[in-house]
1. Averaging the inverse of every distinct alpha carbon separation and then flipping it gives the Kirkwood radius. What is it for the range 103-281, in angstrom units?
2. Please work out how much length the chain gains when fully extended from ARG312 to ARG198, using 0.36 nm per residue of separation minus the C-alpha to C-alpha distance, in nm with one decimal.
3. Apply the Debye scattering formula to the range 1-143, with a single equal point scatterer on each alpha-carbon and no solvent, then give log10 I(q)/I(0) at q = 0.16, 0.17 Å⁻¹.
4. Over the chain, what relative contact order in percent results from Cα pairs under 8 Å that are six or more residues apart?
5. How would you rank 119-129, 83-93, 102-112, highest first, on the average number of other Cβ atoms within 10 Å across their residues?
6. Can you list the HN-Hα couplings for the range 233-246, worked out from phi with the Karplus curve (6.51, -1.76, 1.60; θ = phi - 60°), rounded to whole Hz and with x for Gly and Pro?
7. Taking the Cα centroid of the range 184-247 and of the range 143-171, what is the distance between the two, rounded to the nearest whole Å?
8. Let me have the 222 nm mean residue ellipticity of the chain computed from DSSP H runs of 4+ only, each contributing -39500 (n - 2.57), with the sum over all residues rounded to the nearest 500.
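The numbers here are math on the coordinates, done by the rules we state, and not lab data. Given the structure is predicted, the values throughout are model-derived calculations rather than measurements. All Cβ positions, even for glycine, are placed from backbone atoms using ideal geometry, and neighbour counts span all protein chains on display.
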Amino acid sequence: MTRPKVFVTRVIRDAGLTLVREFCNADVWEGDLPPTHDVLLEKVRGMDGLLCLLTDRIDGELLDAAGSQLKVVSNHAVGFDNIVVPDATARGIPVGNTPGILTDATADLAFALLLAAARRITEAERYIHAGKWKTWHPSMLLGIDLAGKTLGLVGFGRIGRAMAKRAVGFDLRVIFYDPTAEPEFNAAPMSSLDALLRESDFVSIHTPLNQATRHIVNADFLSKMKRNAILINTSRGPVVDQDDLYQALKSNQIFAAALDVTDPEPLPLDSPLLTLENCVIVPHIGSASEKTRDDMARLAALNLIAGLKGERLPHCVNPEVYESGR
Ligand code: GLV
């Protein structure tokens, strides 16, 4: 029996790659940087399956370049804004993602960012490296306490809920704005985004990127935050209008921001955000723990293999492909 042919757009963790190699003839892109779109167009030709990363844009042109034998696209991420899903659905191709397994790792990082911004940890580290630490001083590098403050979650899906759990131990009150979610744990729903911004000392973003959420954090949003508030974003970079955020941070309209995601990624070294002391930025490492990346690789492989076998994907973002009878 001929083994299915797949293109894997980067070297993923062995936990997943081994499974892929057991079942398929895999062409694996070994580069540290993603294949360019032109290379991708060439590489997918004739493939039965594609395992891709959030750095690869997958659209109708690419799916057509692959050919009509393509059975599945498996994204090694929970977010899938890099894929034009309606283009895949229109061609009857199921798209897999990796939800659930990166919830705790991402919430851990979001909470670490909250603490880093509130207690000025990265700034304090730079302070030492710059040779500025001369003595202990009562007014040196003062930050913001967490206890008794309000954490506002924009989006109350899996990661938002995991944030709410973590907030308990820090004596935070938790509120959220998400018209589609039920209240849970200690978190109280707010009837509007404005109400959430009015009450929150820390605002953490947990929405997917789509037309409704692109630049949801803009000058208007930032002007409604409390003066000493902190913004945390571990969702997707384009949810934030970075020019507006820069102005708000530069003028101390808000206390600080902490970003795991930027627009674009990587953030160019001449980005004005990198000149600010009150902006913590890390390079999209929300899910970057060994176990989580192993789990993601494994689930991405299982989605891929299920699709190649013509079985339902364990996690499919466009289940309507199974109803269309294509
Ligand atoms: C990471 O950002 C993911 O969507 O998995």
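1. One over the average 1/r among Cα pairs gives 16.5 Å for the range 103-281.
2. Gain in length upon complete extension: 36.6 nm.
3. Scattering profile of the range 1-143, log10 relative to I(0): -0.85, -0.92.
4. Result for the chain is 21 percent.
5. Top to bottom by mean Cβ count within 10 Å: 102-112, 83-93, 119-129.
6. Rounded to whole hertz, the list is 10, 10, 8, 9, x, x, 5, 10, 7, 5, 5, 5, 5, 4.
7. Using only Cα atoms, the two centres lie 14 Å from each other.
8. On the way: 12 runs with 110 residues, N = 326.
Rounded to the nearest 500, it is -9500 deg cm²/dmol.
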